[in-house]
4 protein chains.
Amino acid sequence: MSIKTVILQFICPDKPGLVSDLASWIASKNGNIRHADHHTDADAKLFLSRIEWDLDGFLLDKNEITSEVNLLEQRLNGKAVLSFSDDFPNVAIFVSKQSHCLVDLLWRVKAGELCMNVPLVISNHSDLEEICSNFSIPFKLIQVNKNNKADSESKILDLLHEYNIDLGVLAKYMQILSSSFLEQFPNLINIHHSFLPAFKGAQPYHQAWDRGVKLIGATAHYVTKDLDAGPIIEQTISNVSHRDEVSDLIRKGRDLERVALARALRLHLKRQVIVYRGRTAVFT
Amino acid sequence: MSIKTVILQFICPDKPGLVSDLASWIASKNGNIRHADHHTDADAKLFLSRIEWDLDGFLLDKNEITSEVNLLEQRLNGKAVLSFSDDFPNVAIFVSKQSHCLVDLLWRVKAGELCMNVPLVISNHSDLEEICSNFSIPFKLIQVNKNNKADSESKILDLLHEYNIDLGVLAKYMQILSSSFLEQFPNLINIHHSFLPAFKGAQPYHQAWDRGVKLIGATAHYVTKDLDAGPIIEQTISNVSHRDEVSDLIRKGRDLERVALARALRLHLKRQVIVYRGRTAVFT
Amino acid sequence: MSIKTVILQFICPDKPGLVSDLASWIASKNGNIRHADHHTDADAKLFLSRIEWDLDGFLLDKNEITSEVNLLEQRLNGKAVLSFSDDFPNVAIFVSKQSHCLVDLLWRVKAGELCMNVPLVISNHSDLEEICSNFSIPFKLIQVNKNNKADSESKILDLLHEYNIDLGVLAKYMQILSSSFLEQFPNLINIHHSFLPAFKGAQPYHQAWDRGVKLIGATAHYVTKDLDAGPIIEQTISNVSHRDEVSDLIRKGRDLERVALARALRLHLKRQVIVYRGRTAVFT
Amino acid sequence: MSIKTVILQFICPDKPGLVSDLASWIASKNGNIRHADHHTDADAKLFLSRIEWDLDGFLLDKNEITSEVNLLEQRLNGKAVLSFSDDFPNVAIFVSKQSHCLVDLLWRVKAGELCMNVPLVISNHSDLEEICSNFSIPFKLIQVNKNNKADSESKILDLLHEYNIDLGVLAKYMQILSSSFLEQFPNLINIHHSFLPAFKGAQPYHQAWDRGVKLIGATAHYVTKDLDAGPIIEQTISNVSHRDEVSDLIRKGRDLERVALARALRLHLKRQVIVYRGRTAVFT
């Protein structure tokens, strides 16, 4: 895990020679490719690629790589996301009263499963302050009510800016962020407590119970202005039976939510997710 | 599997002593209980029970059992479904052009997995006639178009009556049966090609692809007048990725549909399913 | 969940009338049965039953119930385990250096998912002391090496006695307890990091990688003198691919281990598990 | 699916520039890559690659491609497997008395799920002759007993030669092929009715029942001289409970076997499987 790598995600219009083009450039600079995965969306005539190679021994430094990737984008009319495995993004975790996802994520960071820094936790309730304290992570209480929503979102944006946050994770935040907020800070992953698109909106476990489904799910997705309609990264499911009451669905759901969110976040952090056409390609 | 049993499904208002009441009656007639499973729906204050005991050695014959169960219903203000494991129901399979569920069901009947007779297959297209012929099962072609729907449903009802059919299985029938039909023949199980309630209606695999889900499903359910809203018996799921095109979802879905339908049908035939409150209790 | 119940697990030689016998006794004392599940092992001619009824309104108090259940055992030549849902057992968690199961279990206890007290954590290393401190749980360091095994086990037994421990949970304890220890304290649940009986013994993830399996698993089981051969309570699995290195299997395995152990422990605590013939019946 | 493609599987010692090397060659001949997937086994210092590109528009014909790939092997000290999507291999299915896998495979071939020809079915019993007849596939009865094993294997080898068979599929053949046979015809896929390496050898479902596992499995693998130890292609699992008798495990296992074998065979036919180090890399 300590090997430093360069990770290039690339999308461009499909044509012959693209794999060769990218790989030849890397080879010409002495790059040793560890993973390379390509996908052609035949319907949309798009080429998607994720290539990861060793930074050590590569003839370009990070700045030079950035410059050359810009040229590549122009030449191939594409869009690149360039990352370096040793640059850990700053991630703010948003919570409310429920602790299961927060404890899980902080434990995983500590265990080295998630390559990210957590400079702060933002919450609209104070319940989880002690957990953050145990993990020595700053806890910021930004209370939200129907009268102060714009103001509280403004405070949150200030914090995200102050702490240089790259990504927000809504770990059972239970608040809907405004379109205005999302325009200013669009990098957010959410965990929804249903198998989307079933049971959108409020109280999905109650909805699931009423419908009498035999499986319940959880969905981790990028946040967009359309509620619960953002690109899906990961979904998990669990069996339920007539013996399960709503409280059992909620309990089982906690396990689904923890796992789906952690997996989605890990995939995102390993830069294995490319968003396109309102969907994700997940290179595993 | 050759042991003959009596199976009693019973629903009534909950109160203390019900398990004892049912079990004592069976014991008093020398019944040896093989399976007994009870469920209390605390919210609805309902008692649900499924008890299966040996017919051999029981002091009552089938007619006497039926009479006494009627008395039981009256005394406990309940509703019973009484069955005998050696009475195989007559099941009509409805198909259209797709063969996967039909072949699977007929193979399972032959292999002894499904305790039912199949006196006929009903179809609106002739494509699957040869398969039925291979299994020596009568195939009835009842063509359906927008002008003859009432007439064709009438012909089907005649066939169901003529062949003394207890249950219909919609094994990719692809036609919506009218409310009038369902009033006259309500005992139907359908396989829907999505993880209900997601992707109701037409072309669920196209819908699923568009939404970019990471899991697809199939749902076997009893048919009601509300399309795709009947009580769910069984759901199955499979992973999908961005590499799967709609045709791959359809292919993977066939496996899900076969398994979900076969499992649901087996549960129904073993009288393990009780429908109540628009849901099912499945005693496994 | 706050309703107080009596839970009776009962095994005896099978014969007609047993369900009636048990249920009639409960009904005669005004017991309202919430769950009743029975299983007949036809091969072994054994009757297994789990019945749960309301303590409130029942005409006998706990002592009287205990006395009458003893009479029941004698009369039916059976073996009963009687429990009361408001009696939380005292559970000692055994750990070593790995924290994932410990954090998970302590979080679940706090969240109310596991009805047990944790009076102490026992470890052969000091690494996890801080976690216990965060949860305000006494941490007892009992170092083990090849020269002091008998002595350390003796110290552990003293602790189990002192703290009135009902059950031990080996949450990645990584030590093999001696036969002598197990004779004195046989109530132990272990989490094994493989899909038993595959990959018994040491380094199962290395074994799994070498064999090139496509699924890995974890197994929660009761501890017996035969290593990794005790009655299985719960098994979980996860997909793996050629891209997963041993370290990935270990990481994925941690999630499997947490879930399998937590589920098994919950089943045990809800008295849903009956051990017989070296196997378990799990009444869900 | 009707697009003709070239599929190159390639293994060689790892070094920088390999992706570029392969992709540049394809690009230089005007090849449009549809799928390209590479894996580096860091531990073994091996590079594995699967590249699929359009045959139409490619500047080389099949013979020329074959020649150039030979040169590639020499230059990179590698081993290639070259295939063309429109060359359907000839596959012989080996069966005994159980029909579930045979019916499933023949149905899938007919449905277009499996790109292969089935010139004949070989069996040591006559039970399944009628099924083959329904699908218009020649059925060859080669009886095997303890006295004629060498002779019967010799007859089978003659048939494989006569029908120009590329691959054999042991679809519940229930006979162990000799080392001598495997030396002469090593291309075989088998379905084993357990979650290998658990329950090797005979009667795995009986073994599984005795052990009281909570999940059973099936394993599709390439055949090697070590019984049940060949490279695993696919594994499937299903839940079981104490209520399942051995006959239920066998029934549930049939579904697992059908699916695992069909998936493995499809992966093999799509040339998505590379065997190395006694394991498989499955490029999905």
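Here are some notes:
- Any hit, the range A:45-65, residues being closer than 25 Å to A:Asn117 by Cα, touching a Pro at 6+ places or on another chain (Cβ under 9 Å), in contact (Cβ under 8 Å) with a residue 60 or more places away in the chain and buried (at least 20 other Cβ atoms within 10 Å of the Cβ): no
- Members of the range D:214-240 that are part of a loop (DSSP other than H, G, I, E, B) and either modelled with pLDDT under 95 or more than 8 Å from chain C (Cβ to nearest Cβ) (or both): D:Val223, D:Thr224, D:Lys225, D:Asp226, D:Leu227, D:Asp228, D:Ala229, D:Gly230, D:Val240
- Residues of the range A:22-44 classified as acidic (Asp, Glu) and crowded, with 18+ Cβ neighbours inside 10 Å, total: 2
- Subset of the range D:241-253 [facing another protein chain (nearest Cβ under 8 Å) and either farther than 13 Å from D:Leu215 by Cα or surrounded by fewer than 18 Cβ atoms within 10 Å (Cβ to Cβ) (or both)]: D:Ser241, D:Arg243, D:Glu245, D:Ser247, D:Arg251
- For B:Ser123, the criteria (1) closer than 15 Å to D:Val103 by Cβ; (2) more than 11 Å from chain D (Cβ to nearest Cβ) hold in every case but one, which is (1).
- Counted residues, the range B:162-211 - those being surrounded by 15 or more Cβ atoms within 10 Å (Cβ to Cβ), of a type in the set (Gly, Ala, Ser) and within 24 Å of A:Leu215 (Cβ to Cβ): 4
- Summed over the range C:259-284, the residues that are over 24 Å from B:His39 (Cβ atoms) and part of a loop (DSSP other than H, G, I, E, B) give a count of 2.
- In the set (1) in contact with a helix residue (DSSP H, G or I) (Cβ under 7 Å, 6 or more places away or on another chain); (2) without any contact (Cβ under 8 Å) to a residue 60 or more places away in the chain; (3) farther than 18 Å from B:His221 by Cα, B:Lys146 fails one condition alone, (1).
- Of everything in the range D:1-18 that is within 12 Å of chain A (Cβ to nearest Cβ) and over 19 Å from D:Ala281 (Cβ atoms), the residue that is surrounded by the most Cβ atoms within 10 Å (Cβ to Cβ) is D:Thr5.
- Residue among A:Leu159, A:Leu141, A:Leu128 that alone is modelled with pLDDT of 95 or more, under 28 Å from A:Ile232 (Cα atoms) and surrounded by fewer than 18 Cβ atoms within 10 Å (Cβ to Cβ): A:Leu159
- Hits in the range A:259-275 - residues which are farther than 19 Å from A:Trp53 by Cβ and either in contact with a Cys (Cβ under 7 Å, 6 or more places away or on another chain) or within 9 Å of chain B (Cβ to nearest Cβ) (or both): A:Leu261
- Matching residues in the range A:26-48 - criterion: being in contact with a helix residue (DSSP H, G or I) (Cβ under 8 Å, 6 or more places away or on another chain), of a type in the set (A, V, I, L, M, F, W, C) and facing another protein chain (nearest Cβ under 8 Å): A:Ile26, A:Ala27, A:Ile33, A:Ala36
- Given (1) more than 19 Å from B:Tyr276 (Cβ to Cβ); (2) at the interface with chain C (Cβ under 8 Å from one of its Cβ atoms); (3) polar (S, T, N, Q), number of the condition B:Asn63 does not satisfy: (2)
- Those residues of the range A:241-258 which are assigned to a helix (DSSP H, G or I) and of a type in the set (Asp, Glu), in sequence order: A:Asp248, A:Asp255, A:Glu257
- Only one of A:Ala281, A:Ala229 that is in contact (Cβ under 8 Å) with a residue 12 or more places away in the chain, buried (at least 20 other Cβ atoms within 10 Å of the Cβ) and touching a Leu at 6+ places or on another chain (Cβ under 9 Å): A:Ala281
- Within the range D:30-50, tally of residues that are assigned to a strand (DSSP E or B), of a type outside the set (S, T, N, Q) and closer than 20 Å to A:Phe283 by Cβ: 11
- In the set (1) within 13 Å of chain B (Cβ to nearest Cβ); (2) touching a residue at least 24 places away in the same chain (Cβ under 8 Å); (3) touching a Leu at 6+ places or on another chain (Cβ under 8 Å); (4) in a strand (DSSP E or B), the condition left unmet by C:Asp21 is number (4).
- Of residues in the range C:173-201 being within 14 Å of another protein chain (Cβ to nearest Cβ) and over 14 Å from C:Leu265 (Cα atoms), the one modelled with the lowest pLDDT: C:Gly201
- Residues satisfying the stated conditions in the range A:55-75, i.e. small (Gly, Ala, Ser) and assigned to a loop (DSSP other than H, G, I, E, B): A:Gly57
The values are calculated or read from the model by the stated rules, or taken from the named source; none is laboratory data. Only a predicted model underlies this, so the values are computations on that prediction, with no experimental measurement involved. Don't worry about glycine lacking a Cβ; one is built from the backbone with ideal geometry, like all the others, and counts go over all protein chains shown.
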